[in-house]
Amino acid sequence: TLCVSSQVGCRQGCRFCATGTMGLFRSLDTDEVLAQVFAARGLAEREALPPLSNLVFMGMGEPADNVPAVRGALAALTDRRRFGFSPRAVTVSTVAPTAAAFGALLGIGEEEAPPPPALAWSLHAADASLRRRLVPTAVDEPEALREGLCAALAALPPRRRRLVVEYVLLGGVNDGLAEADELAAFLRPVEAACFDPGRASRRTGVLVNLIPYNDGGGGAAARLAARYERPTWAAIDAFQARLRQRGVWVSVRAQRGADDSSACGQLWAQQPQARRHQPAAGMV
C-alpha cells in the first residue's frame with residue numbers, strides 16, 4: 001500500500017495533525033500526484049519488494065481542496081492502459097470541508113466519469129462542538145456533512161456504497177464510552193445508505209477505523225504531543241468493544257512510522273527550519 005499526497009502541507013489545520021502545523025504551501029498537479037506512484041512502483045521493482053496493490057490518498061493535503069488534480073490522477077490510476085489499479089484498491093480520504101466534497105471526489109455528475117474510488121471520511125467526533133475544536137476549518141457541521149455523504153452514496157451502484165470512517169482516538173478527548181455511543185448513533189443513517197442486500201458478508205458497508213494518536217516526533221510534533229496523548233490500550237479496547245456492542249463494524253489501525261517518527265508530517269516537523277506557511281491572499 002502506498003500513501004499518496006495531494007498537496008504540500010494542508011490548510012485544514014486539524015488540531016492533532018503534524019501536517020496541519022505546516023499550513024498549505026501549494027497544491028500538487030496531476031502529474032506530481034502520479035509521479036509518487038510511478039516512483040514507488042519503480043522502487044518496489046528495483047528492491048524486489050511486493051508490487052503495489054493499494055493506494056490511499058491519506059498523505060499530505062486535503063483532496064477536496066484539489067479536486068481537479070485528484071480526479072485527473074484517479075482517471076489515470078484506474079485506467080487499464082495506464083496504471084491499471086482497481087478502483088476498489090484506491091481510497092480517497094477527506095475531512096470533508098463542505099457537504100459537497102464527497103460528491104466532487106466521487107465524480108458524481110461527471111460525464112464519462114471513471115469508476116468511483118473507495119471513500120474514507122476523517123470524522124474524529126460525532127458531536128458538533130467537539131469536531132469543531134478538532135477540525136476548526138470545517139464549514140458544515142457533522143449532520144450536514146452526513147446528509148451530503150448519504151446523497152453521494154445514493155448516486156452510486158449498490159455494490160459501490162462503501163465507506164471507511166477514520167477516527168483518531170485522543171486520550172481523554174474523544175475516547176470515552178459516551179463518544180462511542182454518539183458515534184454509533186450518528187452512523188446509523190450512513191449504514192442505511194450503504195446497505196446492499198446482495199452483499200455476501202451481510203455487513204453494513206461502513207467500517208470504523210480507529211487510529212490511536214501517534215505522539216512521537218520532535219519539533220511541531222512534540223508540541224502536538226504536549227496537547228494530546230495516546231489513549232491507553234484499555235480505553236482503545238473498551239471503545240472498540242462498545243461500538244461492536246452497538247453493531248458497528250470496527251477495526252484498530254496498526255501503527256506505522258512510530259519508530260522513525262516518519263508518519264505523515266512528522267519528518268517535516270522535525271526540521272529546524274520548519275515553519276508554518278502563510279496562506280496566499282484570499283485563501284480561507
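The values are calculated or read from the model by the stated rules, or taken from the named source; none is laboratory data. Here the structure is a predicted model, which is why all the values come from computation and not from measurement. Cβ atoms come from the backbone with ideal geometry, glycine included; neighbour counts cover every protein chain shown. Side chains included, ligands, DNA and RNA excluded: accessible areas come from the protein's heavy atoms. Shrake-Rupley method; radii C 1.70, N 1.55, O 1.52, S 1.80 Å.
Tabulated values for the structure
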| read-out | value |
| --- | --- |
| Rounded D (µm²/s) - the stretch 120-214, Kirkwood Rh over Cα pairs, Stokes-Einstein at 20 °C, 1.002 mPa s | 153 µm²/s |
| Largest-first ellipsoid semi-axes for the chain, taking √(5λ) over the Cα gyration tensor eigenvalues, angstrom | 26, 26, 19 |
| Probe 1.4 Å, protein heavy atoms only - accessible area per residue of the chain in square angstrom | 48 Å² |
| Under-5 Å amide H pairs with LEU169, H placed in peptide plane, nonlocal only | ILE211, TYR213 |
| Lys/Arg +1, Asp/Glu -1 at C-beta; the chain dipole; positive extreme among THR137, LEU170, PHE195 | PHE195 |
| Relative intensity, log₁₀ I(q)/I(0), of the stretch 1-65 from a Debye sum that treats every alpha carbon as a point, q = 0.12, 0.14, 0.19, 0.28 Å⁻¹ | -0.35, -0.46, -0.73, -1.12 |
| Portion, in percent, of the accessible area of the chain that falls on carbon or sulfur, probe 1.4 Å | 53 percent |
| Relative contact order %, the stretch 78-120, counting alpha carbon pairs below 8 Å whose residues are six or more apart | 48 percent |
| Spread of Cα-to-Cα distances over 5 Å intervals beginning at zero, given as percent, for the stretch 1-148 | 2, 10, 19, 22, 19, 14, 9, 4, 2, 0 |
| Distant-in-sequence amide H partners of ARG26 (H built 1.01 Å from N, under 5 Å) | VAL8 |
